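Peer 1: Pasting a structure here, questions to come.
What follows is calculated from the coordinates using simple rules that are stated; it is not laboratory data. The shown structure was predicted, so the numbers you read here are calculated from the model rather than taken from an experiment. Glycine also receives a Cβ, built like all others from the backbone with ideal geometry; neighbour counts cover every protein chain displayed.
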Amino acid sequence: MLKQLSAISLLALMVGMTSAHAQPTGEAPRWLRFAALSPDGETISFTHRGQIFVVPAEGGLAVSLTAQGSYSYGAVWSPDSERLAFASDIGGNDDIYVADFSGTLQRFSWSSAHEVPTSFTPDGKSILYTSLGLGDAERSVQGALSFKPQLYAANTQTGRETLVLPNYALEAQWNAAQDKLAYVYNPSVDPDERQHRVAANARQIWIYDAVSGRHEDVFGRDGIDRVNPVWSKDGAALYYLSERSGWLNAWQLDIVTGVEKQLTFFEGAPVRDLSVADNGTIAFGYDGRIYVQSVADAKPQAIEIFTLDQRASLDANFPTGEATRFVSSPDGKRMALVASADVFLLDREGNYRQITATPGEERDVAFSPDGSTLVYAGQRGHEWGIYAVDLQIESSDDPLAIQYQEIALYVPEEGNAFQPQFSPDGKLLAFISDRREVKVLDLSSGTVAALFAETDYNSSYGDGDLWFAWSPTSEDIMVQWRYQGGSDAIKIAIVPADGSGPPQMISQGVNNFARGVWSLDGTQVIGATDLFGLRSAQLHGTSEDLYRIFLSEAARQDFLDISEGVFPTSPSDEEDALYEPLRYPIETVRSARLGQRLTDDASSIVYFAPLDDYSNLLLVTAPAPDQLELELLDLRTGNLTALQTIEAPGWQAVSFVRDQYQLDIKLDHTVLSVPLYDPSGVRTSPAKIFTTVNPDRRREAAFEQAWADLKYRYYQRELEGRDWDAIGAKYRSYLGSIATSRELTELVSAMYGELSASHLFTNYAGSESTHIGLGTHNDTLGVYLDYGYEGPGRRVAAVLPGGPLDRAGLGIDAGDIITSINGLPVPEAGGLERLLDVNLGKRALIGVLDQGQDGERFIYVDPISYGSQIQLARARLLDARAAMVDRLSNACVAYQYVAGMDNDSYLNVLGTLTSSRNLTKAALIDVRSNGGGNLTRELTTLLSGTAYAQVGRTGGPTMTEPNNRWVWPSAVLVDSFGYSDAAIFPQAYQDAGIGILVGDTVLNTGTYVAQNASKLVPGFNYAIPVLPSRRLDGSYYENHVIEPDVAVPFDPNTVGINTDPQLEAAVAALMKQIGPETDCRLP
């Protein structure tokens, strides 16, 4: 290979240098990915630190083909071993590039979709790749419904694309005769890295016969995960990876006899990225290294690889991002905030000090009551702890010291502590411990008081959903009590700060109570509730009001007196002394008078704080996105008095300086200070902050955070029986071999995949540093193409309903040819997408050659986004499904597709079923390829009605009660792509015996998942299941296999726009119940 190199044969140089630069003993393991052995067996390509490298098959010096900073992967070799095709985000999103070792990469794809090559054709004339497009107008069902890519081919000479398979086909590869195409069908939404799969989510190898046009499942649905098919040179054998032995290993299938043979016998980690040379030598990745095994070898050998790739790990300077926490000091002279995961201290002149400069994350800053101390939470290693700095400065007028010394106040050896808050007297510090309870640290003795028994614990859904508030006496704390994360119910209790008594609930009569504060006289607590506001169709609150709870009747009576200036005890003799509040015992039998709504449909509540006149409360709302309204709420009368309306573009946080009656508003690079009673006194303080970050150290810290989050937040303490410490150590050893955030994402995904649990998704939504320009953002015209057409331009096979060309006046029909866009002829390579790149909603001039005509005509159209086109394709498919149900059922079955488990989807179901009452006799609910949400309760309730009465006059129309529930037969359609709550619902529907379940076998993925957006590596996101759903017998929904009542597995041979065996079976089952001859068609 590499024949283009002239002066020095690079390959010879690589071989010659191997002995001189042997890999040092003890070098940290490398994270080598996407290994691919060339057909001639001489060279291996792989991805390392985001770059494509090539190395001799026996090991040695590896040479990079792509630049640092972007991410390139998935390389496949041409049959002559002279070219490599791979995916790279050099241009912003994954496109296909080809290296022919001439020094210049050639681009082969231009759409906004992610294109990934799977192989070259055996004749080397085309590159197969996957991409989610419109595909075929009649057969591309999975793209429209499930958003799964189709299989395309790009001509290596012209770059022109053609459709190979309209269905979901991964890792596709032709045999030498190019008449059989092996590919992988993945019936699961789970990440590829998920290990130890079962029947419902095991990947399958299929073979498409180009002669007959039929697809065959090679092994049947035997529940064994198989991927990565590779043909032998003669086509007599198929190599692949299989979990048949318990772990993914290399296997070989004799095509004639059907006999499987295991080739590798690894345990403890999966074999990945299998490739096969023409002589039968195999190469693959295992445990971060690359192995090679020839036909003559008894077992595979790890090859030693080294590079001369030099990369600097640099500290880089950045402006800080959005403030995630902001608070002003009690005297108003300083402000503290958390931005870019570090703590900063500012003065009013714009000067600042960076308090922390750790790779890990800090959060939750708070000042002590006298302003002498700043506390915050920090994650150092794996545990969150409480840290502080002393802000006192000796003999200096500067509000900021030169530097500050950090003090560790409380750092658990095992567990987590964050959200520190000082008691009003400054002697105690309360914090959230282990995401379930409040504990209190005595700052003088260092002792920690536990306030909760195990039966009092909360269950957090996501960090920040637990809160507490100190009483003005510093003797009690208002806490959430027995809170179930994600629930609409929030109970509130009062607990002694020394732990001397149990929490006592005070929120009887209100379903939830959030962000509570104490009045300064200690008589009441005030918080937000959605009890009285508007509700969605799912009964979730959509607006809030303020609500108060008096601690006792005595407290209520005292408030009435205090508001009139009559205090229950005398203030001290000092002239300006404030009233010292009392501590009120909690009444266990509570009168309705002790709870009261304070506002009437308040707009979006941002902040509220009691004022020291004991009668008023400052209320800050956001009537518009960039506007804040300040009001006074009279706690005696409930009257609201408008103070000011503040224009606050891009506001991030607010903080109230009580001593100055001033509200500080953190904007992008300034702080807006607003005196409550003086609109003319508004002033700004500069707050433009820069910080220095080492991206490598941040990625390492983000890895540790992702590891620790799963350890402490995963719903199952035993972690599926896996040794999480050992797993973490293994993947931690690869950190030195990653250089991009996408590699971090893959590393965490592989680590999470060892648990074989659902929802353990990772993704990176940012961009690497060397991307060129804006990247690809092409608009679309909404046309299905005729891929059999090879002439100039692109010929229309069908127009997408609702798309830009779906207008009678434009006269676009099947057979017409799009010849140009904005005066440029449609190119062979890239086609329509290439000319619509960065169109971004602008009108476009389209040249059209009508079928059978000679002259080009021009029309103006408004292209739509790539995502909008895919949604219109789904709408077209669903219209066809609804028409099919109507035809097959004689209009007796109401059909509704449920796109997501959300409010809009529920309204669609409700609207369809309500309008179908007395017209149809059964309902078919389609939850196939539904990504989840939270709708099981509403759907099961809606579909499980039992008729108890009829309303109506004799001879007139009647209404069956209950009129808000469906009381007739129903069926639910499922497929293997239904996920999360879309898997909980069919399980609950089946368990309750509501109706018939029809379709694919489903692996239940019923957990509640916390989505985590990393503050350390912006754009890096990961998900963790934190709450399990259980059946009534206590067993987990998670990993339970749901067997439908009528099993109709997906078959690529029998689906199309007007063909759906699963739907047909569901309608047949319903018609059997209501009578096959029943006819509900209207005249």
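Peer 1: Using alpha carbon centroids, what distance separates the stretch 384-426 and the stretch 47-126, in Å?
Peer 2: Their Cα centres are 51 Å away from one another.
Peer 1: Per 5 Å bin, what is the whole-percent P(r) computed from every C-alpha pair distance within the stretch 564-666?
Peer 2: Once binned at 5 Å, the Cα pair distances of the stretch 564-666 give 2, 9, 17, 18, 17, 14, 11, 8, 3, 0.
Peer 1: Moving on. Are there chymotrypsin sites (Phe, Trp or Tyr not before Pro) in the stretch 727-763 that DSSP marks as loop and that have at most 16 other Cβ atoms within 10 Å, and which are they?
Peer 2: Answer by residue number: there is no such site.
Peer 1: On to the next question. Could you compute the net charge surrounding I127? Neighbours are other residues with a C-beta less than 13 Å from the C-beta of I127; K and R count +1, D and E count -1.
Peer 2: Residues near I127 contribute -1 overall.
Peer 1: Give me I127, I407, I494 sorted ascending by neighbouring Cβ count inside 10 Å, so fewest comes first.
Peer 2: I407, I494, I127
Peer 1: For the chain, with equal point scatterers placed on the C-alpha atoms only and solvent neglected, what are the log10 I(q)/I(0) values from the Debye formula at q = 0.06, 0.07, 0.08 1/Å, to two decimals?
Peer 2: Evaluating at q = 0.06, 0.07, 0.08 Å⁻¹ gives log10 I(q)/I(0) of -0.58, -0.78, -1.00.
Peer 1: Still on this structure: Take the alpha carbon atoms of the stretch 972-1035, find their center, do the same for the stretch 787-826, and report the distance between the two centers in whole angstrom.
Peer 2: Answer, in whole Å: 41.
Peer 1: What order, most packed first, do the peptides 654-665, 88-99 have when packing is the mean number of other Cβ atoms within 10 Å of each residue? Before the final figure, lay out the partial values.
Peer 2: Details: 654-665: 19.6, 88-99: 22.0.
Those peptides, ordered most packed to least, come out 88-99, 654-665.
Peer 1: Calculate the all-directions average of the projected area of the stretch 669-811's alpha-carbon convex hull, and give it in nm².
Peer 2: Average projection, Cα convex hull of the stretch 669-811: 20.4 nm².
Peer 1: What is the spin-label model distance, in nm, from T569 to Q392 if the labels are put 7 Å beyond Cα along the C-beta direction?
Peer 2: Between T569 and Q392, the simple spin-label model gives 2.8 nm.
Peer 1: Under 19 Å between alpha carbons, and skipping anything fewer than 8 positions from K491 in its own chain: which lysines qualify?
Peer 2: Straight-line reach from K491, under 19 Å: K439.
Peer 1: Can you sort S368, S970 so the residue with the fewest Cβ neighbours within 10 Å comes first?
Peer 2: So the ranking, lowest neighbour count to highest, is S368, S970.
Peer 1: In addition: On a full-extension model of 0.36 nm per residue, what is the gain between Q301 and H1040, subtracting their alpha-carbon distance, rounded to one decimal in nm?
Peer 2: On the way: separation 739, 0.36 × 739 = 266.04 nm, distance 3.91 nm.
Gain on stretching Q301 to H1040: 262.1 nm.
Peer 1: Answer rounded, prolate or oblate for the stretch 199-277, using the Cα gyration tensor with square roots of eigenvalues a ≥ b ≥ c: rounded when a/c is under 1.5, else prolate when a/b is larger than b/c, else oblate. Can you show the working numbers first?
Peer 2: Details: a/c = 2.01, a/b = 1.34, b/c = 1.50.
Here the stretch 199-277 falls in the oblate category.
Peer 1: Which value in Å is the Kirkwood Rh of the stretch 779-865 over different Cα pairs? All intermediate terms of the calculation are to be shown ahead of the outcome.
Peer 2: Numbers: mean 1/r = 0.0784 Å⁻¹.
Averaging 1/r across every pair of different Cα atoms and inverting gives 12.8 Å.
Peer 1: Also, quick follow-up: Using alpha carbons only, what's the Rg to Rh ratio of the stretch 694-764 with Rh from Kirkwood?
Peer 2: 0.95
Peer 1: With N set to the number of residues, divide the alpha-carbon radius of gyration of the stretch 265-376 by 2.2 N^0.38 Å and report two decimals. It would help to have the intermediate numbers written out before the result.
Peer 2: Values: Rg = 26.9 Å, N = 112, 2.2 N^0.38 = 13.2 Å.
It is 2.04.
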